[in-house]
1. Compute the signed sum of charges (Lys and Arg +1, Asp and Glu -1) over the other residues within less than 12 Å, Cβ to Cβ, of residue 67.
2. Once you charge only the Cβ atoms, +1 for Lys and Arg and -1 for Asp and Glu, what is the size of the charge dipole of the chain about its Cα centre, to the nearest 20 debye?
3. Mind computing the radius of gyration and Dmax over the alpha-carbon atoms of the chain? Å is fine for both.
4. If each of residue 68 and residue 52 carries a label point 7 Å out from its Cα toward its Cβ, how far apart are those two points in nm?
Amino acid sequence: QVQLVESGGGLVQAGGSLRLSCVASGSIFKVHVMGWYRQAPGKQREQVASITTGGSTAYVDSVKGRFTISRDSAKNTVYLQMNSLKPEDTAVYYCNYRTWRDGYWGQGTQFTVSS
């Protein structure tokens, strides 16, 4: 079992910045991928960014150049630095951990970008 706890949500104005954090604990596999997903009201959950244990990253087109995912392996923590925020970034953001055999989700953290 792996537990994921997100933090960092809230309210921010358009153009502002925010950083989300996700701390993983439990039986963490050496090779895994951690990522951030988001789900806006009435929309499907989408992957925003991901990072492998090797440090490779991937982003959805809509956040490229604005969001940066990073990790501190010693702390089992992944971050999502979000800059130049837009109202359309408003969503519940979920942390995800996955390996070849299983996957886990955090409880989600909400943030709202006001225009």
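1. On the way: positive: 19, 38, 64, 66, 86; negative: 61, 89.
That works out to +3.
2. Working: 12 positive and 7 negative charges, 33 e Å.
Magnitude of the dipole: close to 160 debye.
3. 13.4, 41
4. Going by the 7 Å Cα→Cβ label model, 2.2 nm.
Only the coordinates and a few stated rules stand behind these numbers; no lab work does. Worth saying up front: this structure is predicted, and the values here are computed from it rather than measured. With ideal geometry, Cβ positions are generated from the backbone for all residues, glycine too; neighbour counts draw on all protein chains shown.
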